[in-house]
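One structure below.
The values are calculated or read from the model by the stated rules, or taken from the named source; none is laboratory data. All figures in this text were calculated on a predicted structure; none of them were measured in a lab. In this analysis, Cβ positions are derived from the backbone assuming ideal geometry, glycine residues included, and neighbour counts consider all displayed protein chains. Only protein heavy atoms, including side chains, enter the accessible area calculation; ligands, DNA and RNA are left aside. Shrake-Rupley method; radii C 1.70, N 1.55, O 1.52, S 1.80 Å.
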Amino acid sequence: PHFTIATSFAKQPNECCKHNQDYSDWDLETLPEHATPRTNYKRACDPDTYQSRLDHWNGKPATQHVRVGWRAMTQPGLERSFHPALLPPRSAHTNGTFSLHVENRRTTALLSCLWSSIPIDYLVKVAGTANLHDTVVRKFPLPQGSALECSLLLRGLRLNCLTADYASLWEELWDPAWRQDRWTDPDSDRLPLGGVDAQWSMAIPLRRDFERRLALVELDALAALMLGLTAEQLCAMYRTQFAVLRKYEYKMAFDAKGRKICGHHQSAGFRQSQLQNQATAGDLPKEWSNIWKLYEQYEDDPSSVDWMGHYTAPFYRPDREVEMTRAYNEFQRRLDAGEYE
């Protein structure tokens, strides 16, 4: 649970963790520049022995590499079945996680970005496997040399590079072309995508729910184009294999500041969960214990709800098929217009 798709800081175990659900979400808006997640494990030997037993890749311990990590266990019926994220140097893991490094940092980052998309997750779902060993993922495609690689990397790295531990990766892979990149949704210009500096800073990562989801949707479209799929094939993958994700997004909204509200607690935004807990404890009005119901009341009569400064209207209701198709068509238009050299 520590990491999820393109997010190395998803959850951490609570102190004296008792079971696999005794975890708390990270608030990415307040995530510090330097953060080390709490763990339920510690070394069972002295540091020198531990270091000597690490796998070595090209003469260096595996933990010195930036790697793609993914959860080993899965099942097709989950919201998402494949959970890859870039793991920073010096991080280690148990055998509940697999990780790999491919050729160099750029190729490894490209792989992570591509793997974070629905087309690759679709391959995992239709495979029906419960264990994602390297023998499974080695069959996945990795197109290289595409004119879309630059856009894929920008979105993937702004999702993954959450702390200063990723600074060297960001600065090595930074591309001047990123300054001209932009979202495919013209209404999202208030959340600039390009114009990023070559030096990593706290302003580099995408931190709010709306912009992180938007980047993932555009990764879906980019991956489809790079793999030779049509927009309709991408949407068909979504319709046929991602029923839980569709269910969650049917009851989902984002406020004007990009904070998520969901009618299913499994996909609730961080702020939503915190406010509902406060209402349960009596620190907020009772109706705030179910913010989605409050939102539905707002949809019926906007004047009947006082958001008390916690959320800001107007709200946006997502439609992933519309968004993926729009992104796909816009990336195709940019290719045809010669915007990507």
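Just a few scattered comments:
- Remark: relative contact order (region 44-118) = 31 percent; criterion is Cα-Cα distance under 8 angstrom and separation of 6 or more residues.
- Debye, to nearest 20: dipole size of the chain, +1 on Lys, Arg Cβ, -1 on Asp, Glu Cβ: 960
- Under 5 Å, built H, 5+ apart or other chain: amide partners of SER24: GLN12, ASN14
- Cβ-defined net charge surrounding LEU100, 15 Å radius [Lys, Arg +1; Asp, Glu -1]: +4
- Helical content of the chain, expressed as a calculated mean residue ellipticity at 222 nm, amounts to -11000 deg cm²/dmol (DSSP H runs of 4 or more residues, -39,500 (n - 2.57) each, divided by residue number, nearest 500).
- Solvent exposure, largest accessible area first (probe 1.4 Å, DNA, RNA and ligands not counted), of GLU15, GLU33: GLU15, GLU33
- Exceeding the 31 Å Cα-Cα cut-off - candidates LYS18/LYS60; LYS42/LYS293; LYS125/LYS257; LYS11/LYS139; LYS42/LYS260; LYS11/LYS247: LYS18/LYS60; LYS42/LYS293; LYS125/LYS257; LYS42/LYS260
- Prolate/oblate/rounded label for region 144-270 (Cα gyration tensor, a/c 1.5): oblate
- Sum of side-chain charges, SER168 neighbourhood, beta-carbon under 15 Å (Lys, Arg +1; Asp, Glu -1): 0
- Considering only alpha-carbon pairs that sit under 8 angstrom and 6 or more positions apart, the relative contact order computed for region 239-333 is 29 percent.
- A simple count of charges around LYS251, restricted to other residues whose Cβ falls under 12 Å of its Cβ and scoring Lys, Arg +1 and Asp, Glu -1, yields +2.
- Computed extension length for ASP336-GLU299: 9.3 nm, one decimal, from 0.36 nm per residue of separation with the Cα-Cα distance subtracted.
- Short-range pairs are left out: with C-alpha atoms under 8 Å and at least six residues apart, the relative contact order of the chain is 15 percent.
- Checking (1) 23.4, 74; (2) 25.9, 99; (3) 20.4, 65 against the coordinates, the calculated Rg and Dmax of the Cα atoms in Å falls under label (3).
- Among CYS262, CYS150, CYS16, the sequence by solvent-accessible area, most first, with a 1.4 Å probe is CYS16, CYS150, CYS262.
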